[in-house]
1. Taking the stretch 28-48 as the search range and keeping residues that are of a type in the set (V, I, T) and under 18 Å from F101 (Cα atoms), which one is surrounded by the most Cβ atoms within 10 Å (Cβ to Cβ)?
2. Given the options V79, V89, name the one that is in a helix (DSSP H, G or I), open to solvent by less than 70 Å² (accessible area, probe 1.4 Å), farther than 19 Å from A115 by Cα and touching a residue at least 12 places away in the same chain (Cβ under 8 Å).
3. With the requirement that a residue be touching a helix residue (DSSP H, G or I) at 6+ places or on another chain (Cβ under 8 Å), in a helix (DSSP H, G or I) and open to solvent by 40 Å² or more (accessible area, probe 1.4 Å), what does the stretch 92-103 give you?
4. For V55, which of the numbered conditions (1) outside any helix (DSSP H, G or I); (2) modelled with pLDDT of 95 or more fails to hold?
5. Checking the conditions here, which among R68, R122, R99, R93 is modelled with pLDDT of 95 or more and among the basic types (K, R)?
6. Among V65, V49, which is the only one that is aliphatic (A, V, I, L, M) and in contact (Cβ under 8 Å) with a residue 60 or more places away in the chain?
7. Out of the stretch 4-27, which residues are surrounded by fewer than 12 Cβ atoms within 10 Å (Cβ to Cβ), farther than 17 Å from F101 by Cα and modelled with pLDDT of 95 or more?
Amino acid sequence: MKFAKIVFWVAGIWGFLVLTPLYFMFDLIGRNDPPPITHPGFFYGFVGVALVWQVAFIIIATDPVRYRPLMIPSILEKVSYAAAVIVLVLQDRMHKSDRVFAATDLLLGVLFVIACVMTRARSV
């Protein structure tokens with residue numbers, strides 16, 4: 001259970017550190033990586049939903065056995081982003097450097113799977 005606590009705390013804190021600055025980078029992203037963002041609702045909506053997931057990770061970290069069912073959508077959240085970035089990079093629709101974020105999410109997804117399996121063993 002300690003492993004799951006650490007993994008979900010780290011994921012939640014990391015997510016807040018990486019995602020929160022996006023609220024202040026809307027115009028900068030458009031300048032540095034044209035074309036400019038034309039749908040602010042999608043952009044800010046993504047950032048908001050992603051930040052809410054960080055709250056979920058921290059909630060899971062407080063009691064992994066109790067919140068174990070939330071680990072499954074948490075795994076899907078990490079894998080879906082990583083898969084999307086990988087596909088978009090392969091299609092030359094994203095920079096190859098964006099693979100770092102996909103790899104980080106994929107690693108966290110794998111750690112979430114391990115935490116889920118280890119938590120199940122303890123809860124039975």
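1. Looking at residues that are of a type in the set (V, I, T) and under 18 Å from F101 (Cα atoms), I get V47.
2. Among V79, V89, only V89 is in a helix (DSSP H, G or I), open to solvent by less than 70 Å² (accessible area, probe 1.4 Å), farther than 19 Å from A115 by Cα and touching a residue at least 12 places away in the same chain (Cβ under 8 Å).
3. K96, R99, F101, A103, listed by residue number.
4. Just one mismatch for V55, condition (1).
5. Sole residue among the options that is modelled with pLDDT of 95 or more and among the basic types (K, R): R68.
6. Working: V49 fails: in contact (Cβ under 8 Å) with a residue 60 or more places away in the chain.
None of the others qualify; the one that does is V65.
7. Our first condition is that a residue be surrounded by fewer than 12 Cβ atoms within 10 Å (Cβ to Cβ); within the stretch 4-27, this holds for 17, 21, 24, 27.
The next check asks that each one be farther than 17 Å from F101 by Cα; those that pass are 24, 27.
Selection gives F24 alone.
The values are calculated or read from the model by the stated rules, or taken from the named source; none is laboratory data. Owing to the predicted nature of the structure, the values given are computational and were not obtained by experimental measurement. Cβ atoms come from the backbone with ideal geometry, glycine included; neighbour counts cover every protein chain shown. These accessible areas exclude ligands, DNA and RNA; they are computed on the full protein's heavy atoms, side chains included. Shrake-Rupley method; radii C 1.70, N 1.55, O 1.52, S 1.80 Å.
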